[in-house]
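One structure is given below, encoded as structure tokens.
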Amino acid sequence: MKNNLVIFAGILFLSVGGYLGYYHFATTGTALMLCGTTGEMEWLKQEFKLTDPQFQTIKELHAAYQPKCDRMCEKVAGARAKLDRLIDGNQSVTPEVESAFKSYASVEEECRQAMLGHIYEVGAVMPAESRSRYVQTMKKHILQTHTPPQAAMQDPPSH
């Protein structure tokens, strides 16, 4: 009986060690690539099998889009901060709160549309088989939603 436990523990140890070793070696290249200063771009090149000219064009598109993206992020953050202050400073939905909600939604929509335009622009540089997969991958970021308020108000499930 004691031998069986030792054998079982040894097999379990070797199995876990083998898995961890495999995982480490299988993901090291990707982890190093993503940790670099241009990690996301390198991932894009590898994941969508871009040629050097395609990759260069996409890098230029990203560089050109970055200032616009930064401005949009600032606008979204500003609209959100204003809405946050108004919600905290009021006891009901005032016309000013209502206006801030509309402004925040409008700025977020503008940002998402700009992002979609950039995604289509980048996808247009890719081969057709990669383009569709890229758009589908990036669509998740555009359609990303926040936790619905009703879900946040519900009691956690009891066990």
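Every number in this text was worked out from the coordinates using simple rules, so none of it is lab data. Keep in mind that this is a model prediction, so the values were computed, not measured. Counting neighbours? That spans all protein chains shown, and the Cβs are built from the backbone with ideal geometry, glycine included.
When the listed pairs LYS75/LYS139; LYS49/LYS139; LYS59/LYS102; LYS102/LYS140 are checked against a 27 Å cut-off, the alpha-carbon distance exceeds it for LYS59/LYS102. Applying the Karplus relation 6.51 cos²θ - 1.76 cosθ + 1.60 with θ = phi - 60° to region 76-88 yields 3J(HN,Hα) values of 4, 4, x, 5, 5, 4, 4, 4, 4, 4, 5, 4, 5 Hz, where x marks Gly and Pro.
Working note: Debye formula, equal point scatterers on the alpha-carbon atoms of region 40-144, no solvent; log10 I(q)/I(0) at q = 0.10, 0.19 Å⁻¹ is -0.39, -0.92. Each residue, GLN56 and VAL135, gets one label point 7 Å from its Cα in the Cβ direction; the gap between the two is 2.7 nm.
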